[in-house]
Structure formats: structure tokens, C-alpha cells
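The values are calculated or read from the model by the stated rules, or taken from the named source; none is laboratory data. Keep in mind it's a predicted model, so treat the numbers as computed, not measured. In this analysis, Cβ positions are derived from the backbone assuming ideal geometry, glycine residues included, and neighbour counts consider all displayed protein chains.
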Amino acid sequence: MPEKDKDSDMNQSDEQPLVPVVEAAGEAGHQAQEDRSDGEEAEAKEPGPEEDTEPGVIEIPEGELDTFELDFQHCSIHKIENLEPLTRIETLGLRWNQIKKIENLQTLTTLQELELYDNQITTIENLECLVNLRSLDISHNRLRKIEGLENLTNLTKLFLVSNKIAKIENLEKCIKLEMLELGDNKIRKIENLDHLTQLSELFIGKNKIARIENLEKLSSLRLLSIQSNRIREISGLNDLPGLEEVYIADNGLTNLKGLENINLETLEIANNKVADISGL
């Protein structure tokens with residue numbers, strides 16, 4: 001499944017049906033799709049306990065003060081600090097550290113991509129000055145709420161995979177979002193997405209969603225990933241003329257009704273109980 005920078009391919013014969021149905025993609029095919037979504041359906045990795053290690057310190061070499069990209073992954077960093085000299089930075093990677101709080105970023109107004117994947121962050125905060133930010137990844141942390149994004153009006157990609165988020169909310173200002181990844185959370189309802197008319201890829205697998213709904217305003221939606229939920233019937237997709245890929249494996253489907261007027265290129269339904277494919 002799609003991650004930020006990977007695609008999955010489906011093998012097709014010379015004589016293809018109108019909709020290539022992948023009913024049993026197997027572990028390899030399923031994993032490929034999961035990988036595209038930055039671990040949306042992959043095995044969730046709980047943030048580890050606080051380790052008794054010497055805290056790492058962010059130190060910027062003097063010759064890199066004008067750099068456009070810095071990566072501090074696996075550095076045992078406990079606190080975001082000492083970034084003030086960076087006047088041209090566009091990409092900042094802080095993956096796999098022990099950061100508990102988003103802070104001290106107010107001078108990084110040129111920043112376009114921020115990665116905070118796999119830390120110990122509990123709150124989305126202190127991002128209001130990052131008005132040029134386009135990609136934000138706070139996956140695999142301890143978030144319980146989507147918040148603090150009001151000033152990020154240029155954001156196009158948001159990754160909040162593997163947290164404890166219970167509700168889709170507070171995205172009203174993020175009208176340029178093209179990719180939204182909320183897999184492996186505690187979401188029960190698809191809601192509050194009407195304003196995201198530029199959204200083309202939505203990943204909400206491995207949640208607690210029982211119904212496909214409230215997607216009719218997403219006129220640009222091309223890909224919907226909703227595996228490992230509680231879906232028993234397909235509904236609410238006929239108003240999405242641009243929809244090309246649907247991944248709905250590991251649910252409770254028994255038929256494919258609701259797909260009659262949709263010209264899909266890819267449909268994954270592995271690990272359901274489909275006995276009637278008359279909806280194709």
C-alpha cells in the first residue's frame with residue numbers, strides 16, 4: 001500500500017476485466033501496499049519506554065549553517081534546541097529519537113518538511129511559525145488529538161500513523177492537503193473532511209470505522225485505503241468520479257454492491273467473506 005514514496009503494482013493478464021480484483025494478494029502484495037502508506041497497515045510499533053541513555057544534543061557543524069537539509073535520526077535526542085542559526089533549512093529529520101515536546105522551531109520559517117516519526121510526542125504544538133511547511137510526519141508517537149495545525153495552510157502531506165487519535169478534526173485550514181495518513185489509530189467515524197477538496201490519497205486503515213461515509217465532497221480523491229476496519233458494506237463511493245484505487249482488505253464484506261458505477265483500476269478485497277461479486 002502506498003507510502004510516501006513507494007507504489008504497489010498488480011500483475012494483470014493480457015485479457016483484463018474492467019476492474020482488476022485482487023482477492024488474495026497474499027502477504028507480499030498486501031505488505032507492498034502497506035509500505036506505501038508509511039506503515040499505515042504495518043505492524044504498529046509502540047513508542048518504546050524512556051531509555052536510560054545519555055541524551056543526545058543537537059549540534060550543527062559550523063560549515064552547515066547554510067544547509068538546506070539536516071537529519072538527526074537515532075541520535076538519542078530528548079529536546080529540540082539549538083536550531084536558531086539555521087536560516088535556509090528546508091528539511092529537518094528527527095526520526096527515532098526520544099523527543100517529548102515540539103518546541104524551539106519558531107525561527108525555522110523556511111522549513112518545508114519536518115519529520116518527527118517515532119518519538120514520544122503527546123501534543124501537536126508550537127508549529128504556528130512554520131508557514132511554509134508542506135510535509136509533516138508525527139507518526140508513531142503518543143498523540144491523542146489532531147490540533148495545532150491552524151497556520152499550516154501550505155501543508156500538502158500529513159502523516160499521523162500509529163498514534164491514539166480518536167477523531168478526525170481541526171483540519172479546516174489545511175485546504176491544500178493532498179495526502180492524509182491516519183492509519184492505526186482509534187478513529188470510529190469518517191468526518192470533518194468536506195473542505196479538503198484537493199485531497200487525492202486518504203489512508204485510514206487499521207481503525208474502528210464501521211461505515212464509509214462523508215466522502216462526497218472529496219472531488220479529487222483518487223485513492224482510498226480503509227483496510228482492517230469494521231466495514232460490512234460498500235457505500236458512499238458513487239459520488240467520487242476520480243476514484244481509481246480502493247483497498248478494503250480485512251473487513252467484513254460479504255458482497256461488492258456499491259461499486260456499480262465506479263471505474264476502478266485497483267480493488268483489493270483480500271480477507272473478507274465476499275460470496276457475491278455482482279457489484280463489479
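Structural remarks
- Search result, residues across segment 261-280 that are surrounded by 12 or more Cβ atoms within 10 Å (Cβ to Cβ) and either out of contact with any helix residue (DSSP H, G or I) (no Cβ under 9 Å at 6 or more places or on another chain) or of a type in the set (Ser, Thr, Tyr) (or both): 262, 264, 265, 266, 267, 269, 272, 274, 277, 279, 280
- Taking the numbered list (1) within 14 Å of the chain's Cα centre (by Cα); (2) within 21 Å of residue 92 (Cα to Cα); (3) among the aliphatic types (A, V, I, L, M) in turn, residue 165 passes all entries but (2).
- Selection status of residue 44, modelled with pLDDT under 90, among the aliphatic types (A, V, I, L, M), within 30 Å of residue 268 (Cα to Cα) and buried (at least 19 other Cβ atoms within 10 Å of the Cβ): no
- Restricting 190, 231, 165, 204 to those that are within 18 Å of residue 137 (Cα to Cα) and either out of contact with any strand residue (DSSP E or B) (no Cβ under 8 Å at 6 or more places or on another chain) or among the basic types (Lys, Arg) (or both) reduces the list to 165.
- Filtered residues of segment 243-270 (kept if of a type in the set (S, T, N, Q) and in contact (Cβ under 8 Å) with a residue 60 or more places away in the chain): 263, 266
Yes/no per residue for (1) closer than 22 Å to residue 248 by Cα; (2) of a type in the set (Ser, Thr, Tyr); (3) free of Cβ contacts under 8 Å to residues at least 24 places away in the same chain:
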site	(1), (2), (3)
158	yes, no, yes
166	yes, no, yes
171	no, no, no
179	yes, no, no
182	yes, no, no
192	yes, no, no
199	yes, no, yes
